[in-house]
Structures are given as structure tokens and as C-alpha cells.
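Below is one structure, written out as C-alpha cells; comments come after it.
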Amino acid sequence: MFMIVPTGRGKEIMDELISKEDYEKILEWHYQMEKDERDILVRPTCAPMYYRIFRQKAKEEGVDFKHRSLKFSTGGAKGCLAGQLIALITATGEVQPCSYFPKSAGNVYKQSFKEIWENSELLKDLRDFKKYKGKCGECEYISVCGGCRARAYTMNGDYLGEEPFCSYIPVRVRKRVES
């Protein structure tokens, strides 16, 4: 199940994207389907909020529901992996945090991948959750979700900004609004 990241040609269909409320409903459906249908493994792709929803729903239901993962995956328990566990090297040597993130962290023809991976300011920023802004920066689920950094960059112009498809209001934000 792929949740679109509106980059590249995806920018051309912005008016066709589902609402963040529908996005949430689809991921809640996926949680229920995964819990009930143990014979088939479906994993949401580019849907970091699923890992928040998964924990929320399991906690609400008081169940110790174990999330299934693919054998080759990183454990299947974390949202956005861009620049944290994965990167893309383009044909021209540009290192991007993921295939949907159109910003380069460096070029392997100019410096080693190891040097880029360890020292790029872009990649360091993506790994430092304290730098995240908006709701993502205040969210108690930041370490398991992280929001899609490519979506934040494309739709908000700030890769550290909040995930535009997330409708969740973090506890800290709710408390501040209520007081």
C-alpha cells in the first residue's frame, strides 16, 4: 500500500490527493486489516504515521499486538527512514535521503559515501528530532513516525517542518490549547 509523496510528477496531481482525515482512516483500516488478516503481509509504504496509529490503537485496545515485518526490512517498526537508515545514490552520484527527497546531501564523485553519510548537514538534521518543527517537533511519536521529510520539504518548503498529511494533535499541543 503506497501513500503518494507529491514529488516529481506527483506534484502535478496535488488536487487529486486525499485529505489528511482520509489518510488517517486508511491507515486505521490497515491496522485493523493487519490485525485480522494474518495470512497476508501488507506494509504501508511512505506512511510514517502508521507507526503512530499502530501504537495508539494497540494501547487503546489493551493488546500486545505484534507488528509483522518483512524478513529483509529494518524491523518494520519505524516511519520515515530517509537519511537515517536509507539513502539513494542517483546516476550522477548525488546522495539523496530517499528516492522522493529532491535535495542532495553530497556527491560520491566528490567525496566518499561514508563521509557524506556521517557529515552531511542535511542528513544530520534529519537524524536530530530536536530540530523538527511544528507538530512533528512536539509529537510524542517522533521517534517512531518522524513524518515524511520529502512531503514536508515539497509541500511546506522545509524538510524539518511538520508532515502535511498528519491530522494528529500531539499531547503537548493539546494541553497548551486547553489551558
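Just for region 53-83: of the residues that are among the charged types (D, E, K, R) and surrounded by fewer than 16 Cβ atoms within 10 Å (Cβ to Cβ), which one is modelled with the lowest pLDDT? Walk me through how you get there before you give the answer.
First pass over region 53-83, keeping only residues among the charged types (D, E, K, R): 55, 57, 59-61, 64, 66, 68, 71, 78.
With the extra rule that they be surrounded by fewer than 16 Cβ atoms within 10 Å (Cβ to Cβ), the set shrinks to 59-61, 64, 66, 68, 71.
Details: 59: 88, 60: 90, 61: 88, 64: 74, 66: 65, 68: 55, 71: 49.
Ranking the candidates gives 71 first.
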For region 160-179, give me each residue that is open to solvent by 30 Å² or more (accessible area, probe 1.4 Å) and free of Cβ contacts under 8 Å to residues at least 60 places away in the same chain. 162, 169, 171, 172, 174, 175, 176, 177, 178, 179
Being assigned to a helix (DSSP H, G or I) and aromatic (Phe, Trp, Tyr) is the filter; apply it to region 1-55 and report the residue that is nearest to residue 165 (Cα to Cα). 23
When the residues of region 4-17 are filtered to those that are out of contact with any helix residue (DSSP H, G or I) (no Cβ under 7 Å at 6 or more places or on another chain) and aliphatic (A, V, I, L, M), which remaining residue is modelled with the highest pLDDT? 17
Of the residues in region 18-38 that are exposed (fewer than 13 other Cβ atoms within 10 Å of the Cβ), at pLDDT 80 or above and acidic (Asp, Glu), the one that is farthest from residue 168 (Cα to Cα) is 22
Residue 150 is checked against (1) touching a residue at least 24 places away in the same chain (Cβ under 8 Å); (2) open to solvent by 20 Å² or more (accessible area, probe 1.4 Å); (3) of a type in the set (A, V, I, L, M); (4) closer than 30 Å to residue 22 by Cβ and fails just one. What number does that condition carry? (2)
Among what's in region 109-144 and is out of contact with any Ser or Thr (no Cβ under 9 Å at 6 or more places or on another chain), open to solvent by 50 Å² or more (accessible area, probe 1.4 Å) and not in a helix (DSSP H, G or I), pick the residue that is nearest to residue 172 (Cα to Cα). 140
Mind checking whether some residue in region 89-97 is open to solvent by 50 Å² or more (accessible area, probe 1.4 Å), of a type in the set (Gly, Ala, Ser) and modelled with pLDDT of 95 or more? yes
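The values are calculated or read from the model by the stated rules, or taken from the named source; none is laboratory data. What you are looking at is a predicted structure, and each value in this text was computed from that prediction instead of being measured. As a convention, Cβ positions derive from the backbone with ideal geometry for all residues, glycine included, and neighbour counts pool all protein chains shown. Only protein heavy atoms, including side chains, enter the accessible area calculation; ligands, DNA and RNA are left aside. Shrake-Rupley method; radii C 1.70, N 1.55, O 1.52, S 1.80 Å.
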